[in-house]
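Participant: Structure incoming, see below.
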Amino acid sequence: MLNNPDPNLKPIVDEYRKHLQIAGAEIVENQQLSKNTQKNLKKPFLDPDFYTQMVHKYFDEELAKIQKKES
């Protein structure tokens with residue numbers, strides 16, 4: 001996902017990469033991560049409820065395709 005992000009997710013992935021770069025610099029300079037960087041790296045990419053809705057929508061669409069082929 002980090003190598004080839006979906007265009008819709010690119011801003012989210014870019015933001016996470018920024019936090020990874022900051023984390024790397026902190027490790028080199030301080031041998032530890034700041035509390036703020038730890039917090040930023042622990043944040044979920046997407047709101048869990050939104051993610052669940054999107055997964056359900058995707059599977060509903062895929063099931064509909066299969067059912068259409070079978071009928």
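The values are calculated or read from the model by the stated rules, or taken from the named source; none is laboratory data. Computed from a predicted model, the values in this text were never measured in an experiment. Glycine gets a Cβ as well: all are built from the backbone with ideal geometry, and neighbour counts include every protein chain shown.
Participant: Report yes if some residue within segment 6-24 is modelled with pLDDT of 90 or more, out of contact with any Ser or Thr (no Cβ under 9 Å at 6 or more places or on another chain) and surrounded by fewer than 11 Cβ atoms within 10 Å (Cβ to Cβ); otherwise report no.
Facilitator: Yes, segment 6-24 contains a residue that is modelled with pLDDT of 90 or more, out of contact with any Ser or Thr (no Cβ under 9 Å at 6 or more places or on another chain) and surrounded by fewer than 11 Cβ atoms within 10 Å (Cβ to Cβ).
Participant: Just to be sure, is residue 71 among the small types (Gly, Ala, Ser) and surrounded by 11 or more Cβ atoms within 10 Å (Cβ to Cβ)?
Facilitator: No, not satisfied.
Participant: Which of the residues that make up segment 25-53 are assigned to a helix (DSSP H, G or I), surrounded by 10 or more Cβ atoms within 10 Å (Cβ to Cβ) and hydrophobic (A, V, I, L, M, F, W, C)?
Facilitator: Listed by number, the residues that qualify are 25, 27, 41, 50.
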